[in-house]
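Pasting in a structure now, in structure tokens, and then I'll have a few things to ask.
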Amino acid sequence: MVKLRGVCPTGSYWKTACCIIDTHKMPYFTRLILFLFCLMVLVESRKPRRKRWTGHLEMSKPSHPYKKYLDVTKIRTGKPQPLLRVDDHDFTMRPAFGGPAIPVGVDVQVESLDSISEVDMDFTMTLYLRHYWKDERLAFPSTSNKSMTFDGRLVKKIWVPDVFFVHSKRSFIHDTTTDNIMLRVFPDGQVLYSMRITVTAMCNMDFSHFPLDSQTCSLELESYAYTDEDLMLYWKNGDESLKTDEKISLSQFLIQKFHTTSRLAFYSSTGWYNRLYINFTLHRHIFFFLLQTYFPATLMVMLSWVSFWIDHRAVPARVSLGITTVLTMSTIITGVNASMPRVSYIKAVDIYLWVSFVFVFLSVLEYAAVNYLTTVQERKERKLREKFPCMCGMPHSRTMMLDGSGSESEANSLAGYPRSHILTDERQEKIVVHLALSSESSSSRKKGLLKGQMGLRLFQNTHAIDKYSRLIFPASYIFFNLIYWSVFS
């Protein structure tokens, strides 16, 4: 038995195999191979052992020279120490519950006025709404006096003011790409709560001067549950609490001014509440309505006057012109009212359009009167021809017109005119009528003759109605426009 000391490791599995062997019973070559095997086992046992694979990658230490700060969000073994002691308090109750009302300051930044709807009587606005209050339950120790900013997930765990929009129809908080909510907490417990909201609210509009009107709309904010004894809502910086983007513009309105007010609102069942108002005044642009409403209506009225210069015997031309202008005015009135709410009072545009419609309609009635008088005239001429069938052609100096331009002496002289000078021409424009003088007195004859002259002139000169209409209609319409624009502009 030979023991190889210093070769076999202590406690090794190969101790009995390679360290205690019987060298007398083995040949020399076998002993040499066994010696080399034990030597190899000894070398392998003194090498450093490799760690077993656990599935995790080992990260090397950073080699950059920047200073390493303590990660306050790292969860350490043992009981965690939260930054805000949210679980230690009941945040369903307002701060300082049972004490005086908590002041909550508000400021607003208007991002855009999206639309104004006259039909629905509402407006749509996108704004940033910010609240400021102090909650000592959220105070935390800090050596640098720096605030901490959180997203909307913390809002569900703490108390926040329950402000809502009075008279709102629709509203929502933007959520692209995440909820547009920001919560900033300061070491002393001061809290800033901001969110981006789009709201559609009601606006009571007065259209009595439409489209020469100005509208004043208000966006109202109020606490839903807390009365003025529990929550005092106020503008944080007065009039400076409302800021607007200078690029805000609307297609139909000019935004004149924004301003803030506040007052108390009373509900008979719950009490008094603080209410904040965002007021803004809008002045409507008139140029669009001048092009789409006023100018077309004026042109239709002027077009109806063209019939006064058309011969009254051209019945198709004058009738078709009158009907066309009347139907066009009806279309303009219908189009304007289709884009307006059905109010029970008269608007300024209604006055203009309906007066224009009346002028167009009167031009049609004017031709109806002319046509009727012409028919009556022709009927009387026919009766005169039947009563005095003799058509006499005479020199101009002895002609008496049906308009009564002849004198009584010329009429009497027709009785002795010789028959040889009688001419029968149906196309003569001058018709001579033999007047049989009665045995009445000269005074009665003169009165009857004057009446006959006036009647004949009226029936013969029916074109005089068109002549007067050419002056009366334009003068009346111009006078109406002067009064209209001086009152409503």
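Looking at this structure, is D107 at pLDDT 90 or above, surrounded by 14 or more Cβ atoms within 10 Å (Cβ to Cβ) and either aliphatic (A, V, I, L, M) or farther than 20 Å from S241 by Cβ (or both)? Break it down stepwise before answering.
Details: at pLDDT 90 or above: yes; surrounded by 14 or more Cβ atoms within 10 Å (Cβ to Cβ): yes; either aliphatic (A, V, I, L, M) or farther than 20 Å from S241 by Cβ (or both): no.
No: the conditions fail for D107.
This table checks each residue for (1) over 28 Å from the mean Cα position of the chain (by Cα); (2) outside any helix (DSSP H, G or I).
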{"site": "H283", "(1), (2)": "no, yes"}
{"site": "L291", "(1), (2)": "no, no"}
{"site": "L321", "(1), (2)": "yes, no"}
{"site": "M329", "(1), (2)": "no, no"}
{"site": "Y345", "(1), (2)": "no, yes"}
{"site": "Y352", "(1), (2)": "no, no"}
{"site": "F357", "(1), (2)": "yes, no"}
{"site": "F361", "(1), (2)": "yes, no"}
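Being under 15 Å from the mean Cα position of the chain (by Cα), open to solvent by 70 Å² or more (accessible area, probe 1.4 Å) and in contact (Cβ under 8 Å) with a residue 12 or more places away in the chain, is that true of even one residue in region 196-206? Even if it seems obvious, please write down each step before you answer.
Residues of region 196-206 that are under 15 Å from the mean Cα position of the chain (by Cα), as a first pass: 198-205.
Going one step further and asking which of them are open to solvent by 70 Å² or more (accessible area, probe 1.4 Å), we end up with 202, 204.
Checking the rest, the ones that are also in contact (Cβ under 8 Å) with a residue 12 or more places away in the chain come to 202, 204.
Yes: region 196-206 contains one or more residues that are under 15 Å from the mean Cα position of the chain (by Cα), open to solvent by 70 Å² or more (accessible area, probe 1.4 Å) and in contact (Cβ under 8 Å) with a residue 12 or more places away in the chain.
More than 15 Å from the chain's Cα centre (by Cα), part of a strand (DSSP E or B) and closer than 14 Å to G105 by Cα, is that true of E222? Walk me through how you get there before you give the answer.
Values: more than 15 Å from the chain's Cα centre (by Cα): yes; part of a strand (DSSP E or B): yes; closer than 14 Å to G105 by Cα: yes.
Here the answer is yes, as E222 does meet what is asked.
A further question follows. Identify all residues within region 112-133 that are charged (D, E, K, R) and surrounded by fewer than 17 Cβ atoms within 10 Å (Cβ to Cβ); write none if there are none. If you could, list the steps in order and put the result at the bottom.
First pass over region 112-133, keeping only residues charged (D, E, K, R): 114, 118, 120, 122, 130.
D114, D120, listed by residue number.
Right, here's the next one. If V106 passes every condition in (1) within 16 Å of the chain's Cα centre (by Cα); (2) closer than 29 Å to T227 by Cβ; (3) not acidic (D, E) but one, which one does it miss?
(1)
Then there's this: Out of all the residues in region 214-235, is one or more surrounded by fewer than 13 Cβ atoms within 10 Å (Cβ to Cβ) and in contact with a helix residue (DSSP H, G or I) (Cβ under 9 Å, 6 or more places away or on another chain)? Can you show your working first?
If we filter region 214-235 for residues that are surrounded by fewer than 13 Cβ atoms within 10 Å (Cβ to Cβ), which is where we start, we get 224-225, 229.
Subsequent filtering for residues that are in contact with a helix residue (DSSP H, G or I) (Cβ under 9 Å, 6 or more places away or on another chain) retains none.
No, that holds for no residue.
Please determine whether any residue of region 245-253 is open to solvent by 60 Å² or more (accessible area, probe 1.4 Å) and modelled with pLDDT of 90 or more. So that I can check it myself, show each step before the final result.
Residues of region 245-253 that are open to solvent by 60 Å² or more (accessible area, probe 1.4 Å), as a first pass: 245-247, 249, 251-252.
If we keep only those that are modelled with pLDDT of 90 or more as well, we get none.
No, that holds for no residue.
Let me ask something else about it. Which of the residues belonging to region 296-331 are of a type in the set (V, I, T) and crowded, with 19+ Cβ neighbours inside 10 Å? Steps first, answer last, please.
First, pick out the residues of region 296-331 that are of a type in the set (V, I, T): 298, 301, 306, 310, 315, 319, 323-326, 328, 331.
Across region 296-331, the qualifying residues are V301, T325.
Right, something else. Out of everything in region 155-188 that is assigned to a loop (DSSP other than H, G, I, E, B) and farther than 30 Å from Y277 by Cβ, what residue ends up being most open to solvent (accessible area, probe 1.4 Å)? Let's see the steps before the verdict.
Going residue by residue through region 155-188, those that are assigned to a loop (DSSP other than H, G, I, E, B) are 158-162, 167, 174-180, 186-188.
In the following step, the residues that additionally are farther than 30 Å from Y277 by Cβ were identified as 177-178, 187-188.
Working: T177: 129, T178: 93, P187: 18, D188: 82 Å².
Result: T177.
Next up: Any chance region 121-131 includes a residue that's touching a Ser or Thr at 6+ places or on another chain (Cβ under 6 Å), in a strand (DSSP E or B) and acidic (D, E)?
Yes, the conditions are met somewhere in region 121-131.
The values are calculated or read from the model by the stated rules, or taken from the named source; none is laboratory data. Predicted, not measured: the structure shown is a model, and the values here were computed from it. Counting neighbours? That spans all protein chains shown, and the Cβs are built from the backbone with ideal geometry, glycine included. With ligands, DNA and RNA removed, areas are computed over all heavy atoms of the protein, side chains included. Shrake-Rupley method; radii C 1.70, N 1.55, O 1.52, S 1.80 Å.
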